[in-house]
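Asks: Submitted below is the structure of interest, expressed as structure tokens.
Read-outs: derived from the displayed coordinates by stated rules, not from any lab. Predicted, not measured: the structure shown is a model, and the values here were computed from it. In this analysis, Cβ positions are derived from the backbone assuming ideal geometry, glycine residues included, and neighbour counts consider all displayed protein chains.
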Amino acid sequence: MKMLHSAIGAVLLSFAAFASAQMAGMQMPATPPPASTGPASEVLRSYSTLKPNVIKAAEKMPDADYQYKPTPDIRTFARIVNHITEAQAHTCTALNGTKFDAKMVPSDTADKATIVAALKASFDECDKAYAALTNESMAEMVTLGPQKRSRTGFAWGNVSHDNEQYAELSTYLRLKGLVPPTAEK
């Protein structure tokens, strides 16, 4: 029984060390969000931590590799970046009470500078949306197309989606021999 407890302790200690090492490598936002509590500040903190990593990943991939895709049946790097732009623009214009404009999303064959500029513009739209969130407004219902969800649902949904897409961008960077922003030392 003592050996079992020792083994479990070693596994937990190893996990804690691994998690600490992973967290140490994460890039934190240049400007920390305001120190407050509640659901609005929690989602803002997550969004603010994720944003620079997505932008840095898009900037890090060379222009020549924006049309790269690991296999013929999946998206190009440019399509993933544009997908983030489009999803954010849809979500954050709804949160801001404005209308989505398809011109906010460039062609998947546009050059890197155009695609990155559109990504940054979608983050500008989201910056306004996340800055306007309050603990009181988080329960308000917002309509986006056929969906009606709370501000909480849209805001956290956007963060979750961006995290998923950042993982794909990171994989593409690694396949090209580049280190993703969250793994830089």
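Asks: For His83, His90, what's the fewest-to-most ordering of other Cβ within 10 Å of each Cβ?
Replies: Working: His83 16, His90 21.
The fewest-first ordering by Cβ neighbours comes to His83, His90.
Asks: Give me Rg/Rg_expected for the range 39-183, where Rg uses Cα atoms only and Rg_expected = 2.2 N^0.38 Å with N residues.
Replies: Values: Rg = 15.3 Å, N = 145, 2.2 N^0.38 = 14.6 Å.
Working it through for the range 39-183, the quotient is 1.05.
Asks: Quick one: which of Lys56/Lys128; Lys60/Lys99; Lys103/Lys185; Lys69/Lys128; Lys69/Lys99 span more than 27 angstrom between C-alpha atoms?
Replies: On the way: Lys56/Lys128 20 Å; Lys60/Lys99 31 Å; Lys103/Lys185 37 Å; Lys69/Lys128 33 Å; Lys69/Lys99 32 Å.
From the list (Lys56/Lys128; Lys60/Lys99; Lys103/Lys185; Lys69/Lys128; Lys69/Lys99), the Cα-Cα distance tops 27 Å for Lys60/Lys99; Lys103/Lys185; Lys69/Lys128; Lys69/Lys99.
Asks: For the range 39-183, what is the relative contact order in percent, using Cα pairs closer than 8 Å and at least 6 residues apart in sequence? Show your work: numbers first, answer last.
Replies: Working: 169 pairs, mean separation 49.6, N = 145.
Result for the range 39-183 is 34 percent.
Asks: Let me ask something additional. In nm, to one decimal, how far is the Arg149 label point from the Glu136 one, both placed 7 Å along Cα→Cβ?
Replies: That separation, rounded to one decimal, is 2.5 nm.
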